[in-house]
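Chemist: Attaching a single structure in structure tokens format; questions to follow.
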Amino acid sequence: MKDSKVIDVGELIDAQPLRPFHVYLAAILFLFMISDGYDLQVMGFAAPGVVKMLHIDRSALGPVLSASLFGMLFGAPLFGWIGDRFGRRPSLLGGLATFGLVSLLTAAAHDRTELLILRFVTGLGLGGVPANSVALMAEYAPKRMRATLIVIAQTGLTVGSIMPAVVSGALEGAMGWRPLFVVGGLAPLIIAAVGLFALPESLKFLVARGAPQERQWRMARRLDPSLRAETGGSLVLSQSTGVKRFQLARLFGADLVGFTAMIWIVYIAFLSANYFMHGWIPILFRDEGLSIRRTAFTASMFDVGGIVGALIASRLVDRFGVATIVGLFLVAIPAVSVIGLIGPSVTLLSTAIFISGFCLVGITLSMAAVTGVVYPTEIRANGLGWANGIGRFASILSPLVGGWLIGMKLPISQLFLVPAAPMVVGAFACFQLMRLCLRRYRGPRLFAQ
């Protein structure tokens, strides 16, 4: 005789302690994010070699640096829709395979037009990974440690952002810039092949979409082995609104409009600063006389600081909520502003860039966790995808503005005031977001819908 017990999936997940399954899932998503971070940042380190190959002025490289961001503008909402419609798993695997294949083609590019097209298509695939990885982790993590687990998985993005500096320092001097893209193509394809067998689908998604009960229970038992005694019954998601087709207007419903507006402004602010830093630091520091290895080391401090900042911020977000991110904004503004004033000292530059990375990457990954909490399951990937897409739409201008100012011969002492400017706006918007969260959750702690 079958058990007719009904189990609410949200309550089941929130009741779990930290289990090996959570560590397993975070490790897989960590690998996915390493690949995404590497291919997102590799163009900045390949840029000096590309400038020499194409015999162009460095200021003309802005569109190439922005091309992948422009692709992500479309890729993030596209793969967010795929994630909410067909599942987190196929969207993640599809995004990884897309930018892996195109990165291999980029290694064979011979002119600026080819690079523009290939980096745009790379951006389509890159846009699919962050939103769906956050959604998948958020839908398995207990609420008391949700931000921490999301940020740990997302830290792979920062580790991946360091890797172009490592590969550049090891290979570029002897072999040129093309091997950077070979590495960026092979790694995600290998990881996607592993994920084809190892990556699970979201249990909340399976229940919300009415997947076969046998498949739902199989995933539930992977999360909680004690459920192996269950021989029947049903799983429900009490807060699911069903399988309605996603409409953008849902992000602007009465209960979400303020959150969406502030989240989008915050994403615009920190992504603009991030992509200016990642895109132009290698070129500007090389022009200031630093060697390939010293440039690689100094630039990597941004992401080293980011890893430390993300891990610390994740615990603080679980405890203090969005107030943590407001604090990071307030430290980031002066830290970024002084980089151009320091001079060629590797020690001082590394310190300033470390602090900037601590704050900016901490903001980036913490906001992914907060956004994953604010939006409910059935629109979570779409909400994250649109936030990333809108943020990257504005951040497209960041490398272009940098190229324009460099073309005007603006001194480096003034160039780093450019990424600091949107951070001021972001700090104000983040403060407003904090107030909204305090009102909704009746305190600093964030509880997922």
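Each reported figure results from applying straightforward, stated rules to the coordinates on display, with no laboratory input. All values reported here derive from a predicted model rather than from experimental measurement. As a convention, Cβ positions derive from the backbone with ideal geometry for all residues, glycine included, and neighbour counts pool all protein chains shown.
Chemist: Return the calculated 222 nm mean residue ellipticity for the chain, to the nearest 500 deg cm²/dmol, obtained by summing -39500 (n - 2.57) across DSSP H runs with n ≥ 4 and dividing by the residue count. Walk me through the numbers before you get to the answer.
Modeler: Working: 18 runs with 331 residues, N = 449.
About -25000 deg cm²/dmol.
Chemist: Determine, for the chain, the count of lysine pairs separated by eight or more sequence positions (or lying on different chains) whose alpha-carbon distance falls under 28 Å. Mind dumping the intermediate values first?
Modeler: Working: Lys2/Lys204; Lys5/Lys143; Lys5/Lys204; Lys5/Lys244; Lys52/Lys409; Lys143/Lys204; Lys143/Lys244; Lys204/Lys244.
Total qualifying Lys-Lys pairs in the chain comes to 8.
Chemist: If we count other beta carbons within 10 Å of each Cβ, what is the order of Met53, Met72, Met219, fewest first?
Modeler: The most exposed by this proxy come first: Met53, Met219, Met72.
Chemist: In what order do Tyr140, Tyr441 fall by count of nearby beta-carbon atoms within 10 Å, going from fewest to most? Let's see the in-between values first.
Modeler: Numbers: Tyr140 22, Tyr441 16.
Ascending number of Cβ neighbours within 10 Å: Tyr441, Tyr140.
Chemist: Right, something else. GNM on the chain, C-alpha springs below 10 Å: top fluctuator among Leu397, Leu227, Leu290?
Modeler: Result for the chain, Cα springs under 10 Å: Leu227 fluctuates most.
Chemist: Test of understanding: express the Cα radius of gyration of the range 20-164 as a ratio to 2.2 N^0.38 Å, with N the residue count.
Modeler: 1.11
Chemist: Please order Ser345, Ser133, Ser91 by the number of other Cβ within 10 Å, starting at the fewest.
Modeler: Ordered by Cβ neighbours within 10 Å, fewest first: Ser345, Ser91, Ser133.
Chemist: Okay, moving on. Cβ under 9 Å from Ala369's Cβ, Ala369 left aside: what net charge do those residues give with Lys, Arg +1 and Asp, Glu -1?
Modeler: Spelling it out: positives minus negatives among the neighbours equals 0.
Chemist: Which residue fluctuates the most in the chain, going by a Gaussian network model with Cα springs under 10 Å, if the choices are Val151, Val317, Val346?
Modeler: Looking only at Val151, Val317, Val346, the largest GNM fluctuation is found for Val346.
Chemist: What relative contact order, as a whole-number percentage, does the range 6-441 give when Cα pairs under 8 Å and 6 or more residues apart are counted?
Modeler: Values: 802 pairs, mean separation 115.2, N = 436.
With pairs under 8 Å counted, the relative contact order is 26 percent.
Chemist: Which of these, Gly94, Gly391, Gly75, has the largest mean-square fluctuation under a Gaussian network model of the chain (Cα springs below 10 Å)?
Modeler: Greatest mean-square fluctuation among the candidates belongs to Gly94.
Chemist: Note the listed values (1) 21.6, 80; (2) 22.3, 73; (3) 21.0, 68, then indicate which one is Rg and Dmax of the Cα atoms in Å calculated from this particular structure.
Modeler: Computed from the coordinates, Rg and Dmax of the Cα atoms in Å corresponds to (1).
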